[in-house]
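None of the figures in this text is laboratory data; all of them are computed from the coordinates on show. The structure displayed is predicted, hence computed values, not measured ones. Please note: Cβ atoms are built from the backbone with ideal geometry, for glycine as well, and neighbour counts cover all protein chains shown.
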Amino acid sequence: MAVNHLHLLLLQIIILLVWAIKFKASEASCQTSCGKVQINYPFGIGAGCFFNEWFEITCNISSSTPSGQPFLTKMKLKLAEDTAAMSFGIGVEMPAISLKNPSTGINRTGSPFFFTNKHNSFIATGCKKYAKIDITDESGSTTGGCLTISACDPLKGKKEGCYDFICPVPSNTTFDYGIVSKLNSTISQYCKTAFILDQNWVMTNYVNDPTVLRKTEYQKAAPAILEYGTRQCIQNSPPVCN
């Protein structure tokens, strides 16, 4: 089993090297930025500039965005302007999940992308009560706890909900309403919106101002890190990946 895994890993490395060689040959003609976002291989704009269809970037130019607005083409996700270029992933504007509308979210099934606790956090906002929330996986084992933050004056904001939960990102294949019910039923019952957020963004923006996710520009989407490559997984059932 270990030998087969090693062969598969070597094959993946060879494929990446071949693509890297091909990319170097055409790199001079590849667009390296769109708007304020730097585009690095394996992501790319135009034929021959990206690893495969999952890594293709579309640069949409319009009268309102003359310098371009980049999107991860297949996932239909806008790239985040305020995240740095990375060798392990890419910053995207992750749609917020309305906890009153179970149809919202995205599906990563079949893609090479994933979320980990190392680079992202799960946040539920607009919660109507203070509570201790424990994260459990599908086997029922506790994998971590949530930090509760008061984001407004509870005496003035009872109708909206003044509490937020910051939680570890659970192991899963989608980001939709289902993830919330897997975390804890209390979250979906008492909160308004859920996000997966870039931890650096959380530390530099949210921690300094817990009301930031209530601002208009972040109510529909906020920065998160889509990672790719080899995950380090603890072989539980299901695996817990970091």
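Given R₀ = 25 Å, FRET efficiency for Ser111-Ala221 by Cβ-Cβ distance, to 0.05?
On the way: r = 18 Å, r/R0 = 0.72.
Approximately 0.85, to the nearest 0.05.
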Item to complete: Report the trypsin sites (Lys or Arg not before Pro) located in region 54-125 that are in a DSSP loop and have at most 12 other Cβ atoms inside 10 Å of their Cβ, or state none.
Response: Lys76, Lys100
Worksheet item: Given labels modelled 7 Å from the Cα in the Cβ direction, how far is it in nm from Asn200 to Lys36?
Response: 1.5 nm
Worksheet, complete the sentence: 1/(1 + (r/R0)^6) with r = Cβ-Cβ of Ser62 and Lys132, R0 = 35 Å, i.e. FRET efficiency to nearest 0.05, evaluates to 0.15
Discussion item. Along the Cα→Cβ direction, 7 angstrom out, place labels at Glu53 and Val212. What is the inter-label distance in nm?
Written reply: 3.6 nm
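Which of the pairs Lys129/Lys215; Lys36/Lys100; Lys132/Lys220; Lys78/Lys128; Lys192/Lys215 have their Cα atoms more than 24 Å apart in this structure?
Lys36/Lys100; Lys132/Lys220; Lys78/Lys128, as the Cα separations exceed 24 Å there.
Using alpha carbons only, what's the Rg to Rh ratio of region 29-128 with Rh from Kirkwood?
Ratio value, two decimals: 1.00.
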